[in-house]
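Accompanying notes for the structure given below.
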Amino acid sequence: MSRVSFLLGETGLTIRQSGWISVVAILLTALSFTTVGLFLWLARTLGNAEAHWRGEMRIVAYLDDEANAQSLLQTVRGWPEVREARLVTKAEALERLRGYLADRRELLGSLPSNPLPASLELGLAADAATPEETQALAGRVGRLRGVDEVQYTAEWVERLDRWRRVLSAVGLGIGGFLALAAVLTVTTSATLATHARRREMEVMRLVGAGEGLIRGPFLLQGMIQGIVGALVALGCLAAAEIVLAPRLAPLLALTLGLEPVTFLSPLDGAVLLAGGAVLGGLGSLLAVGRGMRP
Amino acid sequence: MIEFEHVSKVYASTVSAEGVQALDDVTFMIQKAEFVFVVGPSGAGKSTLLRLLVREEVPTEGEIRVGGKNLLRLRRRSITRLRRLIGVIFQDGRLLPDRTVFDNVALVLRVRGAARDDVRWRTQQALRAVGLLPKEGAYPRALSGGERQRVAIARALVREPVLLLADEPTGDLDDESAGEIMELFKVVNTRGTTVVVATHEQGLAARMRQRTIQLMAGRVVKDSGGAV
């Protein structure tokens, strides 16, 4: 226990001696993690939207008036790619249109007859909800006798996916660059500290201190810098959530159909803190391994 | 306890391709609980001899054994264990300027994980022995050269070492203080600690009437306790 308290005391001394460079290391770590956090949030939001819309992906087959709708319905229900199939009759289609038009329903009164076709709405099985599968299935539906036209929308879901990937890559790229800068700053900080305490380390070695006790404070210094940096990043992201979430929620609900806007889960926080410790530890390890040969 | 067998040490030099010969074919043996002076003028190789004993340097040739163990073959962990048995008083004191007198001495116990009460008690005992307990809270810069040397002595003695190595321990002390320190070394020696004191003051060694190994230009020229 006394050795642990000695180690912690030495770590405190090392951090105090590092001064401003410790602060720079903490700020760079915080900047790196905040950047990664924001980009990952954006990517995750797009990912959620993509998953949401992939689940909602549909093929609509409009039938001609002579088609045997029930027979077609039974046919498509037998296909494994089809999760659900529903027949929308001409009357239902007209009723829906009335609902959409709301206070302008009187426009429909001037129609001589119901011009809307009956249709089959097909929901896709999870493994078929890709552009290729959707296109293939749409083609198959279109070849059925009695099907007049087929509509499907998959491309923009894929576009969401592409954006998500781009944002993830950009976020990880910028974050990675900043993380590298943070590691190098921690390394510089630890290197300066080892130089400042070189004489002390010599004395410690000569009085029989083990290498763990000599190098430990520098490793702990890096880890503490990383964790504090991660805590600052968590604070920034939490502040962003408090400030931005209420403003973004309506926009996201309208455009992407997403309700809650959550920046960070407790798991994200834990990963960020662990990442900080690893990042800082790595930076110190580089300095300690390089510059502290006994 | 200590065996030097044909030990030579050459330091690399930018001036000479052959380097600087600090020790040249040095052979001697020191028994357990002996009190030995290593004397010689500045540059004779006294400090190098002590640095070799704590494995701060390695010999260019020859073998050194401490407690039967060949220092060249020791692994890092064993070197640490060896150093825990040795108290060293460096010529320049090597006190840590940003730590108090108490912390400088206590460092030796703390790195070994001694309990807080034990650290306090033993550190104060050591400081009392060198007459510096009243200055336990002072920083080295506030001490005289002699006082700093006595802190270094307290640090070397606080762990009751098996082997005490002192490099010019009385260099900054007046005759009276030097005599007190030598008496302290004698007390430590009578408790079974092997004491090796390197000094340029031949008179001091003569007054103490102990075995003297005389070095000159890196060679042993006289050993009052054994054949050269």
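The values are calculated or read from the model by the stated rules, or taken from the named source; none is laboratory data. Not measured: the values here are computed from a predicted model. Please note: Cβ atoms are built from the backbone with ideal geometry, for glycine as well, and neighbour counts cover all protein chains shown. For the accessible areas, the whole protein counts, side chains as well, though only heavy atoms, and no ligand, DNA or RNA atoms are used. Shrake-Rupley method; radii C 1.70, N 1.55, O 1.52, S 1.80 Å.
Miscellaneous remarks
- Added length on full extension, which subtracts the Cα-Cα distance from 0.36 nm per residue, residue B:65 to residue B:31: 11.1 nm
- Assigned charges on the beta-carbon of Lys, Arg, Asp, Glu; region A:114-153 dipole about Cα centre (debye): 200
- Annotation: amide H of residue A:125 within the under-5 Å range of A:82, A:83, sequence separation 5 or more or interchain, hydrogens built in the peptide plane.
- Cα-projected label distance for residue A:107 with residue A:140, points at 7 Å along beta-carbon direction, nm: 3.7
- Cα centroid separation - region B:155-228 against region B:114-141, whole Å: 23
- Charged side chains reduced to their Cβ positions (Lys and Arg at +1, Asp and Glu at -1) give chain A a dipole of some 1500 debye around its Cα centre.
- One way to sum up the overall shape of region B:95-160 is the equivalent ellipsoid from its Cα gyration tensor, whose semi-axes run 18, 12, 10 Å, largest first.
- Simple spin-label estimate for residue A:98 and residue B:201 gives 11.8 nm between the two label positions (7 Å along the Cα-to-Cβ direction from each Cα).
- Debye intensity ratio I(q)/I(0), log10, chain B, q values 0.10, 0.18 Å⁻¹ (C-alpha model): -0.45, -1.38
- Residues whose amide H comes within less than 5 Å of that of residue B:8, counting only those at least five positions distant or on another chain, are B:25, B:26, B:60, B:61, B:62 (H built at 1.01 Å from N in the peptide plane).
- Kirkwood Rh, Cα atoms: Rg over Rh of the protein assembly as shown: 1.35
- ³J(HN,Hα), Karplus 6.51/-1.76/1.60, whole Hz, each residue of region B:16-24, x for Gly, Pro: 10, 5, 6, x, 10, 7, 8, 10, 9
- Sparsely packed loop sites in region A:162-205 (the trypsin sites (Lys or Arg not before Pro) outside DSSP H, G, I, E and B with at most 11 other Cβ atoms within 10 Å) do not occur.
- At most 15 other Cβ within 10 Å, DSSP loop - trypsin sites (Lys or Arg not before Pro), region B:40-84: B:75
- Placed amide H near residue A:118: partners under 5 Å, 5+ positions off or other chain: A:63, A:90
- Whole-Hz Karplus values for region B:37-49 come out as 9, 10, 10, x, x, 4, x, 6, x, 5, 5, 4, 4 Hz, taken residue by residue from phi with 6.51 cos²θ - 1.76 cosθ + 1.60 and θ = phi - 60°; glycine and proline positions read x.
- Cα-projected label distance for residue A:177 with residue A:91, points at 7 Å along beta-carbon direction, nm: 6.4
- Ligands, DNA and RNA aside, residue B:160 has an accessible area near 140 Å² when probed at 1.4 Å.
- Along region A:34-45 the Karplus relation, 6.51 cos²θ - 1.76 cosθ + 1.60 evaluated at θ = phi - 60°, assigns HN-Hα couplings of 5, 4, 4, x, 5, 5, 5, 5, 4, 4, 5, 4 Hz to successive residues, with x for each Gly and Pro.
- Loop-located GluC sites (Glu not before Pro) in region A:18-93 whose Cβ has at most 15 other Cβ within 10 Å (DSSP): A:66
- A Förster radius of 60 Å combined with the Cβ-Cβ distance from residue A:133 to residue A:184 puts the calculated FRET efficiency at roughly 0.80.
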